[in-house]
Amino acid sequence: MKQEDLTLFSSSDFMYESGIGVHATVQGKQVSAGGFLLLEQLNIQPPSDTVNLTDTIIFTVIDKELVGYIAFADQIRESSFGAIKTLQAQGIKCLLLTGDNERA
């Protein structure tokens, strides 16, 4: 933070809700960060451009107002294709299992 000359404000009343997100008070404002379940809990409609994304999305909410979001996408390594082909050549069935996002 110091390299960018940004101020990092202290927080209080920090709370983590499994599967929902995190909440804290920062400079007298209620700040929350989490996924779609957080927005549902706060009765906030997600932006229309996020509904069908398969990325992991983290929303930021200040005083029950959506102020932004960031999307994270998993990248498949280039070497994965060769490794899977090698396993398949040995008769090993390969599957990709994920539990991060039901839409993925």
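Some notes on this structure:
- Residue in region 56-65 that is nearest to V31 (Cα to Cα), counting only those that are surrounded by 15 or more Cβ atoms within 10 Å (Cβ to Cβ) and either touching a Phe, Trp or Tyr at 6+ places or on another chain (Cβ under 6 Å) or of a type in the set (F, W, Y) (or both): F59
- Subset of region 84-104 that is at pLDDT 90 or above and of a type in the set (G, A, S) - its residue that is surrounded by the fewest Cβ atoms within 10 Å (Cβ to Cβ): G91
- Criterion: among the basic types (K, R) and in contact (Cβ under 8 Å) with a residue 12 or more places away in the chain - qualifying residue of K85, K64, K93: K64
- Within region 1-39, the residues that satisfy the criterion of being in contact (Cβ under 8 Å) with a residue 12 or more places away in the chain, more than 23 Å from T56 (Cα to Cα) and assigned to a loop (DSSP other than H, G, I, E, B) are F9, S10, Q27.
- Any hit, region 60-67, residues being farther than 22 Å from T7 by Cα, assigned to a strand (DSSP E or B) and under 13 Å from the mean Cα position of the chain (by Cα): no
- The set of residues in region 29-43 that are touching a Leu at 6+ places or on another chain (Cβ under 9 Å) and over 20 Å from F72 (Cβ atoms) contains only L42.
The values are calculated or read from the model by the stated rules, or taken from the named source; none is laboratory data. The shown structure was predicted, so the numbers you read here are calculated from the model rather than taken from an experiment. Don't worry about glycine lacking a Cβ; one is built from the backbone with ideal geometry, like all the others, and counts go over all protein chains shown.
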